[in-house]
1. Please specify each residue of the stretch 73-90 satisfying the condition of being basic (Lys, Arg) and not in a loop (DSSP other than H, G, I, E, B).
2. Residue by residue through the stretch 42-72, note down the ones that are part of a helix (DSSP H, G or I) and of a type in the set (Lys, Arg).
3. Please enumerate the residues belonging to the stretch 77-110 that are under 29 Å from Lys34 (Cα atoms) and exposed (fewer than 10 other Cβ atoms within 10 Å of the Cβ).
4. When you scan the stretch 63-93, how many residues do you find that are among the aromatic types (Phe, Trp, Tyr) and either in contact with a Leu (Cβ under 9 Å, 6 or more places away or on another chain) or over 30 Å from Glu27 (Cβ atoms) (or both)?
5. For residues that are assigned to a loop (DSSP other than H, G, I, E, B) and modelled with pLDDT of 70 or more, tally how many sit in the stretch 1-41.
6. Which residues, taken from the stretch 22-75, are surrounded by 15 or more Cβ atoms within 10 Å (Cβ to Cβ) and β-branched (Val, Ile, Thr)?
7. Return the residues of the stretch 58-112 that are at positive phi and within 25 Å of the chain's Cα centre (by Cα); say none if nothing qualifies.
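The values are calculated or read from the model by the stated rules, or taken from the named source; none is laboratory data. Predicted model only: the values in this text are computed from it and were never measured. No Cβ is skipped: glycine too gets one built from the backbone with ideal geometry, and neighbour counts run over all protein chains shown.
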Amino acid sequence: RIAASESNLQNKRLKLDYDEITPCLKEVTLVWEKMLGTPERPKVKVDMEIIHAALAQGVPRQHRGEVWKFLSEQYLLRQTVSTQPPTNNTSYRELLQQVSSEQHAILIDLGN
């Protein structure tokens, strides 16, 4: 009986089983399901006002993992990537010979 109780407790910990303070309303659940079900979702920017409004109303427990993934996709879509190569004309060998301030601090910490 004690072993079963301990096993049950361990399963709850593994599942991060917790009670929601206030369950999400059905309307906001439908909003999340619509956003999460968007075709080609990783390539489609969703209006940030819509995302913020949905976040303010809560995230349904059953969709939390998928919402985190969705939010990271939205973040990546909004990052700008330079199409220009770096304008550093220093050769790779020269860069290897330079000691950065971080490397110097690490060497001091290591006692070298």
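1. None; the set is empty.
2. Selection gives Lys43, Arg61, Arg64, Lys69.
3. Of everything in the stretch 77-110, those that are under 29 Å from Lys34 (Cα atoms) and exposed (fewer than 10 other Cβ atoms within 10 Å of the Cβ) turn out to be Arg78, Gln79, Thr80, Val81.
4. 2
5. Narrowing the stretch 1-41 to residues assigned to a loop (DSSP other than H, G, I, E, B): 1, 16-25, 37-40.
When the remaining residues are screened for being modelled with pLDDT of 70 or more, the result is 1, 25, 37-40.
So the answer is 6.
6. Passing the criteria: Val28, Thr29, Val31, Val46, Ile51, Val59, Val67.
7. Of everything in the stretch 58-112, just one residue is at positive phi and within 25 Å of the chain's Cα centre (by Cα), namely Gly58.
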